[in-house]
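What follows is one structure encoded as structure tokens, with my remarks underneath.
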Amino acid sequence: MTDLTRLSACAVVDLLRRGKVSPLEAVEASLARIAAVDKALNALPTVCADRARDHARRLMNTRGSAQRPDHWLHGLPVAVKDNNEVAGVRCTMGSRVYADRISTRNDLIVDRLESAGAIVVAKSNLPEFAAGGTTSNDVFGTTTNPWDTRLTCGGSSGGSASALAAGEVWLATGNDFAGSIRIPSAFCGTVGLRPTPGTVARLQRQPYSPLSVEGPMARTVADLALMLDCEAGEHPGDPLSRPAPAQPYSAAAASPRLPTRIAFSPDLGIFPAIDPEIARAVRTAAGMLESPAVRVEEACPDLSDAHAVFSVLRSHIYVGRLADTLDRARDRMTAPVVWNVEQGLARSVREVVDAEIAQAELARRALAFFDDHDLLLCPATLVPPFPADLTRLDRLGTFAFDSYYHWMIPTYAITVTACPALVLPCGLTAAGLPIGLQLVGPPRSEHRLLAAAAWMEQAFGLAGRVPRDPATPAAS
């Protein structure tokens, strides 16, 4: 049989459903791949092999005992980001503060996935408290990119993207604030979705914040839609959540279709600079979509205040998340995380409220833009993957970034619109590294995004580039 780890999630789920492969065989295939390649990546530093095997045996013993929904995963192994709780498994948040903590319960997203037949096989690495666009921490160290292990996989869901690209798992959880799903997906040549807030229920300390969401990460658009079907749905503990849609997301991915009115922007009107290879690849990809039936024009909503709005609101979120941790464990927190919290504590109430009002106005401008456009395309990152020993970019060309996260502006500018955004590979650099295209639609347009992404995935022809064996190309 073809190596299971080389197959798509949908293909392996089909084998599991038909009894051609058992859940235990799928778990063993995943564990074997992790053992073979993760030393080069450090993507999955916590492996819960015994828990996964026990879960697989339980599923095998109850096989066929209940009606299975279409999105039932039948024992497919998945990875869970190390800021999502998995009962009985170490959950460090990438911080020395929680280096030895064992979770006593599942996060809601883990409950959803396990209820859909998923098996958690490992926890994926992240920067401390998911604060950053690369993946490195003082507990587990640095995670690298399978395309070139000298380079970063992005962050903060970098371990998930790296593991997917290397074939260690078929699906992985992510959460997205400044671009934590989208940046690693772009850097690793995988597919990731930041859904509309409320699509995937989430139990947060600040329950009315639309900035941080849970979302699926996968290798293909069809796999991504399958995972979203497992994750989506309301929960009484999340006041922003809403019921799962009547039409499965998988149906949209199975019906590739471009909308007729597509906008393209190389810089969203706000990028300070961009790598020329990224700009060329994204413009070329947008040009491939134009036809007598599909209009592609250069346009974007007014996002001129997105950087200022996000800078204030992100610092406010960090106060809610970590101010009490800072009070009791400052000496075990790294300087960037302390800086994040202190930035928020220094804000006035008026600053925060003004930023919330400005965000609402920005989101309404974005919504109005989609009165005349079905889809917005733009780069997912300003640069290709850079060296893994860097945790930030300070400069791009002659431009100096004003904060450690400023280089992530292509994604966080979309975050403040409250619009869903999907990233998929659209090209390769001269060095053979993946380039990510960001697809943005109006709120609650995930079906449209998935159908369009499925069409583009076929047109761009890059889906077969992952999974891949980790490589360190010879220096030129």
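Quick grid of which residues meet (1) touching a Leu at 6+ places or on another chain (Cβ under 7 Å); (2) closer than 23 Å to ALA166 by Cβ:
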{"site": "ARG194", "(1), (2)": "no, yes"}
{"site": "PRO210", "(1), (2)": "yes, no"}
{"site": "GLY233", "(1), (2)": "no, no"}
{"site": "ARG257", "(1), (2)": "no, no"}
{"site": "GLU277", "(1), (2)": "no, no"}
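VAL37 fulfils the conditions (1) buried (at least 22 other Cβ atoms within 10 Å of the Cβ); (2) in a loop (DSSP other than H, G, I, E, B); (3) on the phi < 0 side of the Ramachandran plot except for a single criterion, (2).
When SER304 is tested against the conditions (1) out of contact with any helix residue (DSSP H, G or I) (no Cβ under 8 Å at 6 or more places or on another chain); (2) of a type in the set (Gly, Ala, Ser); (3) assigned to a helix (DSSP H, G or I), the lone failure is (3).
Condition check: touching a helix residue (DSSP H, G or I) at 6+ places or on another chain (Cβ under 7 Å), part of a helix (DSSP H, G or I) and modelled with pLDDT of 95 or more. Does ALA29 satisfy that?
Working: touching a helix residue (DSSP H, G or I) at 6+ places or on another chain (Cβ under 7 Å): yes; part of a helix (DSSP H, G or I): yes; modelled with pLDDT of 95 or more: yes.
So ALA29 fits the description; yes.
Every listed requirement among (1) within 30 Å of ALA252 (Cα to Cα); (2) modelled with pLDDT of 95 or more; (3) not in a helix (DSSP H, G or I) is met by ALA66 save one, (2). Tallying residues that are part of a loop (DSSP other than H, G, I, E, B), surrounded by fewer than 17 Cβ atoms within 10 Å (Cβ to Cβ) and hydrophobic (A, V, I, L, M, F, W, C) within the stretch 233-272 yields 3.
Within the stretch 1-21, restricting attention to residues that are part of a helix (DSSP H, G or I) and β-branched (Val, Ile, Thr), the residue that is surrounded by the fewest Cβ atoms within 10 Å (Cβ to Cβ) is THR5. Please determine whether any residue of the stretch 94-114 is part of a loop (DSSP other than H, G, I, E, B), touching a Gly at 6+ places or on another chain (Cβ under 7 Å), surrounded by 23 or more Cβ atoms within 10 Å (Cβ to Cβ) and not aliphatic (A, V, I, L, M). So far as the stretch 94-114 goes, no, none of its residues is part of a loop (DSSP other than H, G, I, E, B), touching a Gly at 6+ places or on another chain (Cβ under 7 Å), surrounded by 23 or more Cβ atoms within 10 Å (Cβ to Cβ) and not aliphatic (A, V, I, L, M).
Selection over the stretch 253-271 of residues that are basic (Lys, Arg) and either free of Cβ contacts under 8 Å to residues at least 24 places away in the same chain or touching a strand residue (DSSP E or B) at 6+ places or on another chain (Cβ under 8 Å) (or both) gives a count of 1. Checking ALA474, ALA418, ALA451, ALA430 one by one, the residue that is free of Cβ contacts under 8 Å to residues at least 24 places away in the same chain and out of contact with any strand residue (DSSP E or B) (no Cβ under 9 Å at 6 or more places or on another chain) is ALA474 and no other. Taking the stated definitions as given, is ARG330 among the basic types (Lys, Arg), without any contact (Cβ under 8 Å) to a residue 40 or more places away in the chain and exposed (fewer than 14 other Cβ atoms within 10 Å of the Cβ)? Taking the combined requirement at face value, the residue satisfies it.
Name the residue that is nearest to the chain's Cα centre (by Cα), counting only residues in the stretch 174-203 that are part of a loop (DSSP other than H, G, I, E, B) and among the aliphatic types (A, V, I, L, M). Selected residue: ILE181. A single member of LEU390, LEU362, LEU382 is in a helix (DSSP H, G or I), at pLDDT 95 or above and not charged (D, E, K, R), and it is LEU362. The set of residues in the stretch 174-232 that are under 12 Å from PRO420 (Cα atoms), polar (S, T, N, Q) and buried (at least 24 other Cβ atoms within 10 Å of the Cβ) contains only THR199. For the stretch 356-371, state whether one or more residues are over 30 Å from THR143 (Cα atoms), touching a Cys at 6+ places or on another chain (Cβ under 7 Å), touching a residue at least 12 places away in the same chain (Cβ under 8 Å) and not basic (Lys, Arg). Scanning the stretch 356-371, I find at least one residue that is over 30 Å from THR143 (Cα atoms), touching a Cys at 6+ places or on another chain (Cβ under 7 Å), touching a residue at least 12 places away in the same chain (Cβ under 8 Å) and not basic (Lys, Arg), so the answer is yes.
Which numbered condition in (1) closer than 21 Å to SER8 by Cβ; (2) surrounded by 23 or more Cβ atoms within 10 Å (Cβ to Cβ); (3) of a type outside the set (Gly, Ala, Ser) is the only one that ASN125 fails? All conditions pass for ASN125, except number (1).
Summed over the stretch 282-301, residues that are more than 17 Å from LEU437 (Cβ to Cβ) and either part of a strand (DSSP E or B) or of a type in the set (D, E, K, R) (or both) total 2.
The values are calculated or read from the model by the stated rules, or taken from the named source; none is laboratory data. As the structure is a prediction and not an experimental result, all values here were calculated from the model. Note that each Cβ is placed from the backbone with ideal geometry, even for glycine, and that neighbours are counted across all protein chains shown.
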